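A.B. asks: One structure, pasted below without further comment.
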Amino acid sequence: MDKKQIISKKSTRRFTFGVLFLCLSVFASFSYAETTKTIIQVAQSGAPGLAMHMLDQKQKYLSNGSEAFLRYERQRHQILRRWKQWKKGLDHLNRLPKSLPASDQSWADTLKVIYFIELQQYDKALQRVRTLLWSDKKVSKEQFSLWQKL
């Protein structure tokens, strides 16, 4: 075998691995979109418990607090809010790691206040929203305005 054939085999192998990697990454993103769509359909058809089970199975192998984990967690809370499962939602939020990215932490804090209000635990809601309003967290004007309204 001469040098050109060896280089050609290496180039072909690299190209093949590159295409394979690209296909797998497209499949992974498609898989998330399809999974989310399926979970939404299951919940909307009247089986929120099954949808929660599906989310649990998807999150089982994800790192707690990772971007993918938090995407599924947001989906979970959309379903819980639609089915008015305030207590379950609050329990899930309390299990989230304390070291979330700022935007996710702001989302979780806001949702906790909403859950407290829905559970008619107004003192807890007021205490938490006051803490948020007086914190030195950098949030958008829209987020701050929502906290004021709450």
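The values are calculated or read from the model by the stated rules, or taken from the named source; none is laboratory data. It should be emphasised that the depicted structure is a prediction, and the values quoted were computed from it without experimental measurement. Here Cβ is always computed from backbone atoms with ideal geometry, including for glycine, and neighbour counts include all displayed protein chains. What goes into the accessible areas is simple: the full protein's heavy atoms, side chains included, and nothing from ligands, DNA or RNA. Shrake-Rupley method; radii C 1.70, N 1.55, O 1.52, S 1.80 Å.
A.B. asks: Only one of Arg82, Arg95, Arg74 is within 13 Å of the chain's Cα centre (by Cα) and either under 20 Å from Thr35 (Cβ atoms) or without any contact (Cβ under 8 Å) to a residue 12 or more places away in the chain (or both). Can you tell me which?
C.D. replies: It is Arg74.
A.B. asks: Restricting the search to segment 89-134, which residues are among the hydroxyl-bearing types (Ser, Thr, Tyr) and open to solvent by 40 Å² or more (accessible area, probe 1.4 Å)?
C.D. replies: Ser99, Ser103, Tyr122, Thr131
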